[in-house]
Amino acid sequence: MRPLLGALLLASALPAGALAQPTAAPLTVTSHTITAGQPIPKQHTADGENISPALSWTGAPATTRSFAVVCEDPDVLLPPANPQPFVHWVIYNIPPTAQGLPANLPIDPTVAMPPAIAGATQGPSGFRRPIYRGPAPPPGKPHHYHFIVYALDVAGLPSGLTRAQLTDAMAGHIVGQGQLVATYERRPPTPGR
């Protein structure tokens with residue numbers, strides 16, 4: 001009787017729906033130009049062309065109504081009062097039929113998204129602009145960039161969401177998740193050059 005009573009007390013202390021929250025299906029995230037655990041090619045960084053990479057994913061459950069993608073650097077935590085990974089990209093409202101993102105998405109918010117992801121919305125990054133902004137870490141050590149893909153059971157999220165606002169909007173709606181993690185490093189300048 002006591003184990004049952006303990007379980008009932010624990011269940012009553014949890015937030016509503018916490019016990020019913022399904023586990024997110026694992027998504028496989030890949031890219032033609034970015035390899036997991038390897039340096040990000042210069043074309044996708046602020047030292048190069050700064051173009052968004054093409055990403056592909058598989059494994060989304062049938063309940064998926066949209067996708068969201070975030071790129072963040074947990075090696076830079078801001079602000080000091082509430083440290084969060086620095087955000088390089090936020091894009092969501094990606095149609096459920098999409099199997100990825102094409103490279104070089106528009107940086108002008110007035111330009112339409114490619115047809116395969118029509119309706120997708122870019123939110124402001126840590127640079128306060130709704131665009132992809134590639135790696136540009138300070139010299140010294142490699143930084144890790146997480147391209148996180150979320151399959152959601154909701155669609156039509158409002159435009160202009162930051163990473164934090166998107167996280168709130170996705171709460172309880174993530175039915176699949178996966179990531180591709182790669183690195184980028186700037187070398188310190190060589191003395192005398």
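Dipole of region 133-188, Cα-centred, from +1 at each Lys and Arg C-beta and -1 at each Asp and Glu C-beta, to the nearest 20 debye?
I would put it at about 400 debye.
Among G176, G119, G100, which one shows the highest mean-square fluctuation when the chain is modelled as a Gaussian network with alpha-carbon springs under 10 Å? So, out of G176, G119, G100, the one fluctuating most is G119.
The residues packed around T162, meaning those with a beta-carbon under 10 Å from its beta-carbon, carry a net charge of +1 if Lys and Arg are +1 and Asp and Glu are -1.
For region 134-193, averaging the sequence separation of C-alpha pairs within contact (under 8 Å, six or more residues apart) and dividing by the residue count gives a relative contact order of 57 percent.
Which residue fluctuates the most in the chain, going by a Gaussian network model with Cα springs under 10 Å, if the choices are P95, P114, P83? Among P95, P114, P83, the largest mean-square fluctuation in the Gaussian network model of the chain belongs to P83.
Once C-alpha pairs closer than 8 Å and six or more residues apart are averaged by separation and normalised to the residue number of the chain, the relative contact order reads 27 percent.
Between the Cα long axis of helix 2-13 and the first principal axis of the chain there is an angle of about 50°, rounded to the nearest 10. Between the alpha-carbon centres of region 105-171 and region 76-97 there is a gap of 7 Å.
One entry in (i) 9, 33, 32, 15, 7, 3, 1, 0; (ii) 9, 36, 39, 15, 1; (iii) 8, 27, 26, 24, 14, 2 is P(r) over Cα pairs in 10 Å bins from 0, in percent calculated from the shown coordinates; its label is (i).
In the elastic network of the chain, a GNM with C-alpha springs shorter than 10 Å, the most mobile of T33, T183, T64 is T33.
We did not get these values from a lab; they are worked out from the coordinates using the rules stated. In this text the structure is predicted, and so the values were computed from the model without any measurement. Cβ coordinates were reconstructed from backbone atoms using ideal geometry, including for glycine residues, and neighbour counts include every protein chain displayed.
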